[in-house]
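Data first, discussion second: the structure below is written as structure tokens.
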Amino acid sequence: MRPFHSGLSPQTVPAPYTVTTDHSSYRLGDEVKVQIRAASSKAFIGFLLQAREAGGRSPVGSFTLTTGGTQLLPCSQRPNSAVSHTSDSVKTSIQMTWRSEDMKPIQFHASFVQNYRTFWVDVTSPAINFTDDNSGGSTHLPTTPTTTIYQPAPPVGSIINADCGVTKLCFSQPSNCNPAANAECYFMSAMMLSPTAAAIHYEMTGPSDGYVSFGFSDDQMMGNDDIYICGIASDGMVRLQHAFSRGKTTPQAIPLGNVSDLRASVLNGVISCSFTSINIVSTQRTTGFNKTYYILFAHGPNSNGRIQLHTGTFISSDKVDISTPWIVRKAGWPHIIKVHGALMLIAWMTLGSLGMMVARYLKGVTKRQKLCGKDVWFLVHVAVMSVTTAATIIAFILSFSYVRAWSGGAHPVLGCLVMILSFLQPIVALLRCGPQHPRRFLFNWFHALNGVFIKVLAVAAIFTGLKLIDSSLDQWLMKVMGGLVGWEVLFYILLEVHLKWKFTNADTLESKMIKVDVLLMALFFLGNITFLVTLLVGIGMS
């Protein structure tokens with residue numbers, strides 16, 4: 001299938017061409033229309049097309065031509081078993097007819113030449129399954145391809161959490177969610193159909209723009225895992241893939257194996273697959289159905305049909321026997337990650353707020369009061385913000401020392417920005433010019449705006465972090481965090497209004513103004529501590 005273009009190798013990036021058929025199955029003697037087409041504006045000048053037994057290398061069946069500019073070729077001494085071009089004219093779409101002569105699942109393989117230096121080899125179509133007329137219409141699916149694309153009988157909406165723990169094993173995020181009722185539910189199930197044949201029916205579903213997957217492991221870390229991936233291919237179809245993970249790298253595709261009853265779809269951003277497998281689970285260290293494994297679930301984006309690093313994952317708390325009905329519990333977050341979250345909450349939703357409010361609104365409360373030659377408000381601001389920065393650095397080190405990888409979507413990006421800007425803030429403050437310097441206002445504006453920017457980024461980072469660990473059905477941690485943010489905004493507005501009022505009513509007694517400031521701050525921190533304690537308890541329970 002490879003053109004002999006001296007010294008040149010085929011392209012390794014996904015081909016801008018497709019091979020499609022008008023049938024997903026065939027009977028003996030059926031004719032199948034096959035179309036090769038440029039999927040974009042990149043036309044081709046040459047091609048070679050064969051039909052092969054799925055997973056095999058020998059051509060099967062025979063072709064007839066329906067368009068000009070094409071010719072039939074004998075391959076492996078089989079007449080009319082391949083089709084190719086007759087000239088180097090520009091082509092965007094060609095259709096042929098293939099006639100079956102065997103009773104095997106087949107795939108069409110094509111090579112495309114864009115120009116002498118640019119060509120693709122072994123671009124495949126979805127598998128076409130053989131239907132036996134005497135078997136009641138049952139479909140025999142390919143047993144060796146690593147991937148299969150499905151079109152009929154989408155399972156979206158048919159995957160539900162009924163009978164979980166009764167007839168099937170279920171694992172979900174949030175816990176005990178129903179994928180038929182909750183579009184945000186990530187769910188997988190396994191149900192033993194035939195103990196003698198070790199046949200298990202699997203389901204998986206969840207919202208994703210790329211793929212959802214589950215795997216079996218001997219531990220709670222990535223590596224030596226048997227994985228099934230349900231993802232969107234480059235042509236928009238949904239594909240099931242069997243793979244093996246050897247660590248924190250892209251899983252290696254392996255033959256799909258003994259899989260049947262395949263159904264898959266994507267609807268409103270929710271990807272779903274269901275299938276029956278009699279494949280033995282293998283993690284290299286343990287193999288079989290009567291063994292116990294940790295279950296891993298992961299989801300993330302893909303690029304031209306290739307899966308990318310997952311943006312979300314959850315793992316079972318214990319090893320389970322997939323042949324036994326059970327409702328699997330998720331593993332709790334490690335203590336080091338909980339400490340990370342607690343430190344960031346305390347730093348930026350309490351201490352950071354105090355430091356910013358003291359600098360902005362409470363200068364008048366400590367007016368003319370000095371300590372070691374410095375204004376008391378300034379010393380309080382420096383002390384509180386120094387502790388805030390130290391807590392941020394510690395939280396940052398804890399999370400990366402544990403994870404040792406870049407995962408979690410937007411959360412680590414926001415966290416890194418908070419870390420960098422928090423580290424920069426005191427350095428710029430130490431290098432500031434004197435109060436009477438004509439350019440002092442530049443530092444004042446930068447210091448204030450950078451502080452506000454850090455605060456906004458920190459709030460966003462905390463929201464994304466809570467979303468990762470909040471496994472409750474109603475996402476109550478997110479709601480409490482929303483209440484805390486709303487509480488802060490309310491008091492920032494009240495304090496700002498009071499500050500403007502003080503400027504316009506300078507003749508009002510200073511003692512009255514101070515009392516109002518103190519009262520507002522006391523009320524703020526009473527509510528702030530209540531929200532904070534609630535969130536810390538929730539993190540501890542996650």
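Worth a mention:
- Under 5 Å between amide hydrogens, built in the peptide plane, is the criterion, and for ASN161 it picks out ALA180 among residues at least 5 positions away or on other chains.
- For the chain, projected area of the alpha-carbon convex hull averaged over all directions, nm²: 34.5
- Under the criterion of Cα pairs below 8 Å and six or more residues apart, the relative contact order for the chain equals 10 percent.
- ³J(HN,Hα), Karplus 6.51/-1.76/1.60, whole Hz, each residue of the stretch 69-77, x for Gly, Pro: x, 10, 9, 8, 10, x, 10, 6, 6
- Phi-based couplings in Hz for the stretch 249-265 (Karplus 6.51, -1.76, 1.60; Gly and Pro marked x): 9, 4, x, 8, 5, 10, x, 5, x, 7, 10, 9, 6, 7, 9, 7, 6
- Sorted largest first, the principal axis extents computed over the alpha-carbon atoms of the stretch 396-465 equal 47, 21, 12 Å.
- GLY540 sits among other residues whose Cβ lies under 14 Å from its own Cβ, and their net charge, with Lys and Arg +1 and Asp and Glu -1, is 0.
- For the stretch 6-62, applying the loop criterion from DSSP together with a ceiling of 16 other beta carbons within 10 Å to the trypsin sites (Lys or Arg not before Pro) yields ARG27, LYS42, ARG57.
- Tensor-based shape of the stretch 17-133 (alpha-carbon gyration tensor, a/c under 1.5 rounded, otherwise prolate or oblate): prolate
- Chymotrypsin sites (Phe, Trp or Tyr not before Pro) restricted to the stretch 1-63 and DSSP loop, no more than 16 other C-beta within 10 Å: PHE4
- Percent of alpha-carbon pairs separated by more than 29 Å within the stretch 335-541: 30
- Entries of LYS467/LYS500; LYS338/LYS479; LYS370/LYS502; LYS338/LYS363; LYS338/LYS515 with Cα pairs more than 29 Å apart: LYS467/LYS500; LYS338/LYS363; LYS338/LYS515
- Spin-label model distance (nm) - VAL516 vs GLN308, 7 Å beyond Cα toward Cβ: 5.1
- Added length on full extension, which subtracts the Cα-Cα distance from 0.36 nm per residue, LEU73 to LEU424: 119.4 nm
- Within the stretch 183-262, the trypsin sites (Lys or Arg not before Pro) that combine a DSSP coil assignment with at most 16 other C-beta atoms in a 10 angstrom radius are ARG246, LYS248.
- Extension gain, ILE254 to LEU193: 0.36 nm times the residue separation minus the Cα-Cα distance gives 19.6 nm.
- Cβ crowding within 10 Å, taken as a proxy for footprinting-reagent exposure, orders LYS168, LYS374 from fewest neighbours to most as LYS374, LYS168.
- Whole-percent pair-distance distribution, where bins are 5 Å wide, for the alpha carbons of the stretch 147-327: 1, 9, 19, 24, 23, 16, 7, 1, 0
- The stretch 1-64, Rg to Rh (Cα coordinates; Rh as Kirkwood inverse mean 1/r): 0.99
Since every read-out is calculated from the coordinates, none of them should be taken as a lab result. Since this is a predicted model, take the numbers as computed values, not measurements. Cβ: placed from backbone, ideal geometry, glycine included. Neighbour counts: every protein chain shown.
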